[in-house]
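*Asks:* First, the structure itself, so that you have it in front of you.
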Amino acid sequence: MKEKNLKNLVVVSPDVGGAKNAKSFADEIDAPIAILHKSRPAHNQSVVSHVVGT
């Protein structure tokens, strides 16, 4: 990712369960992290209600 010389990257974890992996990757590429907060109104539905982080 660093070789691509991209600007303003943010690593986003789709849920709290993936935050540890997202943080490790964000540290490697020197980028901030964000985590999605989801709720499940029904068995097969997911609604993102908040984005936590930069």
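All of the numbers you see were taken from the coordinates with simple rules; none came from a lab. Please read these numbers as outputs of a predicted model, since none were measured by experiment. Backbone-built Cβ (ideal geometry, glycine too); neighbour counts: all protein chains shown.
*Asks:* If I model a spin label at Ile29 and Ala42 as a point 7 Å from the Cα along the Cα→Cβ vector, what separation in nanometres do I get?
*Replies:* Those two pseudo-labels are separated by 3.5 nm.
*Asks:* Let me ask something additional. If you restrict to DSSP beta bridges whose two residues both lie in segment 2-53, what percentage is antiparallel, to the nearest 5?
*Replies:* Antiparallel: roughly 65 percent of the beta bridges in segment 2-53.
*Asks:* Moving on to the next point. Kirkwood Rh over Cα pairs of segment 2-53 into Stokes-Einstein at 10 °C, 1.306 mPa s: D in µm²/s?
*Replies:* Calculated translational D: 132 µm²/s.
*Asks:* Follow-up question, since we're still on this one. Multiply the residue separation of Val51 and Met1 by 0.36 nm, subtract the distance between their alpha-carbon atoms, and state the gained length in nm to one decimal.
*Replies:* Between Val51 and Met1, full extension yields an extra 15.7 nm.
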